[in-house]
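Single-structure report; data block below.
What follows is calculated from the coordinates using simple rules that are stated; it is not laboratory data. All values reported here derive from a predicted model rather than from experimental measurement. Quick reminder, even Gly has a Cβ in these numbers, built from the backbone with ideal geometry, and neighbours come from all protein chains shown.
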Number of protein chains: 2
Amino acid sequence: MSEIHTLLASPQPEGARERKRRETRQRIAEVALRLFLAQGYHGTTLDVIAEEAGISRRTFFSYFKSKDDIIMFGLEADWASMIDDLLKTSPDVAPINAIRDLMVRRIERHNTAQMQAIDKLMLSSESLLARKQSFYIKQEQLLFSALCEVWRQPERRPALRMLAMMSIGAMRIALQAWRESTDPNKTVSSFILDAFNCVRAEL
Amino acid sequence: MSEIHTLLASPQPEGARERKRRETRQRIAEVALRLFLAQGYHGTTLDVIAEEAGISRRTFFSYFKSKDDIIMFGLEADWASMIDDLLKTSPDVAPINAIRDLMVRRIERHNTAQMQAIDKLMLSSESLLARKQSFYIKQEQLLFSALCEVWRQPERRPALRMLAMMSIGAMRIALQAWRESTDPNKTVSSFILDAFNCVRAEL
DNA sequence: CATTAAAATGCACTCAGTGCAAACATTAAT
DNA sequence: ATTAATGTTTGCACTGAGTGCATTTTAATG
């Protein structure tokens, strides 16, 4: 019974236990990111992270299942909220426009310097880079599910599947172009719009 | 000078050294795959693989840079040949058709049972799964480069970039649909064709 | 056969990650 | 307030991947 209650009443008390847990998790992530940026990913051991965060090495693993997960954790949360927004969209809008606008809005809320830093960090670890790319594909699945929720006609499903793939792909390409761009005046958003126009041009 | 000679004369003697090295690499890969299928990925240690392959544990790392790499190795070689074929294509053909046909032809040369087995194997390791997906994205880059070689007009580049993304994406989706399909009569190729038609329908 | 360079090996080490059981804190119930 | 139940932290000992280094083995060449 208490389970059901918890599920239904999510914006609720939040006992001291949950709060502390959330805080610790956050602290680990912050400490780790700081150390990664200062001494590199491989140059930072879990022992040091645990120590700086004021927990034991063993306890670290009750918050993250691996070193890589510290970085992934931030990304996941961020995307979840975009999908939530998508679910509130009216089915009268063209899906591709809905996605494009949400992506642009989402990315404009970001600290680009931090994005660059994390991005660079990823390049220093094969496994981390792989997980980032793997993450894009997971997002594609989530996006597809969300699209199907909003635009419910079964006959559109295959097209929506492709659309999810193209949208995430366009974003990936846009971010890559931005990262490699030498012109500091071009914003991330402008690259996103370009990429979507390019898909559109062929659609 | 001997370097240049070696470079120019690649289909050449192949000394006993190179042959042996190639054979050993192959043997390790085969042994490892057999063991993975029999006892699972995590259930197979590098010690056992090395022993079965008749080498020392340390030597393993002079053939593969990680355990994951054993699996990746096979995939890379396979794709390289497809890219080679693409480079021989006439620029008069529509690029999307060229890619589609090459993919279908390539996949039809494959042992589907083995494909399924490797696929299932990947699911048992997070890192391996991540690397597979990462691999797709690397292929996308290679494919894009190859497309630019054949269809050289600079103004087509952005479209070709998107095309590379969509092609790899379509293949990914096709393979996924095939993997999840319950109908044993539908071939992998048919799924690929469906996926490409779906892209085409929107193009 | 002697020389030289590549490849294989053993050894000792670091670090990520896990299982287990004991200690500790929090919550709810009596 | 005491107790019981439950969740969290910790230490310890272990496995397994991956690396650096010094040594030995093996193949290629004059």
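Hey, can you tell me all the residues within region A:75-118 that are under 20 Å from A:Gly40 (Cα atoms) and loosely packed, with under 15 Cβ neighbours inside 10 Å? Spell out how you get there, then give the answer.
So in region A:75-118, the residues under 20 Å from A:Gly40 (Cα atoms) come out as A:75, A:112-118.
Those that are under 20 Å from A:Gly40 (Cα atoms) and loosely packed, with under 15 Cβ neighbours inside 10 Å: A:Thr112, A:Ala113, A:Gln114, A:Gln116, A:Ala117.
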Given (1) more than 11 Å from DNA strand D (Cβ to nearest atom); (2) surrounded by 14 or more Cβ atoms within 10 Å (Cβ to Cβ); (3) not hydrophobic (A, V, I, L, M, F, W, C), identify the lone condition not met by A:Arg34. (2)
Long-range neighbours under 6 Å by Cβ, at least six apart or interchain, first residue under 14 Å from B:Ile70 (Cβ atoms) and more than 14 Å from every other protein chain (Cβ to nearest Cβ) within region B:30-59, second within 15 Å of DNA strand C (Cβ to nearest atom) and of a type in the set (Phe, Trp, Tyr): B:Leu46/B:Phe60; B:Ala50/B:Phe60
Tell me, yes or no, whether region B:189-203 has at least one residue that is surrounded by fewer than 21 Cβ atoms within 10 Å (Cβ to Cβ), outside any helix (DSSP H, G or I) and within 7 Å of chain A (Cβ to nearest Cβ). yes
Confirm whether A:Lys120 is among the basic types (Lys, Arg), away from chain B (no Cβ under 14 Å) and within 30 Å of A:Gln39 (Cβ to Cβ). yes
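Here is a yes/no grid of residues against (1) within 16 Å of DNA strand D (Cβ to nearest atom); (2) touching a Phe, Trp or Tyr at 6+ places or on another chain (Cβ under 6 Å):
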{"position": "A:Arg58", "(1), (2)": "yes, no"}
{"position": "A:Asp68", "(1), (2)": "yes, no"}
{"position": "A:Met72", "(1), (2)": "no, no"}
{"position": "A:Ala77", "(1), (2)": "no, no"}
{"position": "A:Leu86", "(1), (2)": "no, no"}
{"position": "A:Pro91", "(1), (2)": "no, yes"}
{"position": "A:Asp101", "(1), (2)": "no, no"}
{"position": "A:Ile107", "(1), (2)": "no, no"}
Which count do you get for residues in region A:163-173 that are of a type outside the set (Lys, Arg) and more than 7 Å from every other protein chain (Cβ to nearest Cβ)? 6
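Kindly indicate which of A:Leu129, A:Leu160 is facing another protein chain (nearest Cβ under 9 Å) and either assigned to a helix (DSSP H, G or I) or buried (at least 16 other Cβ atoms within 10 Å of the Cβ) (or both).
Going through A:Leu129, A:Leu160 in turn, just one is facing another protein chain (nearest Cβ under 9 Å) and either assigned to a helix (DSSP H, G or I) or buried (at least 16 other Cβ atoms within 10 Å of the Cβ) (or both): A:Leu129.
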All but one of (1) within 16 Å of DNA strand C (Cβ to nearest atom); (2) more than 14 Å from chain B (Cβ to nearest Cβ) hold for A:Lys65; which doesn't? (2)
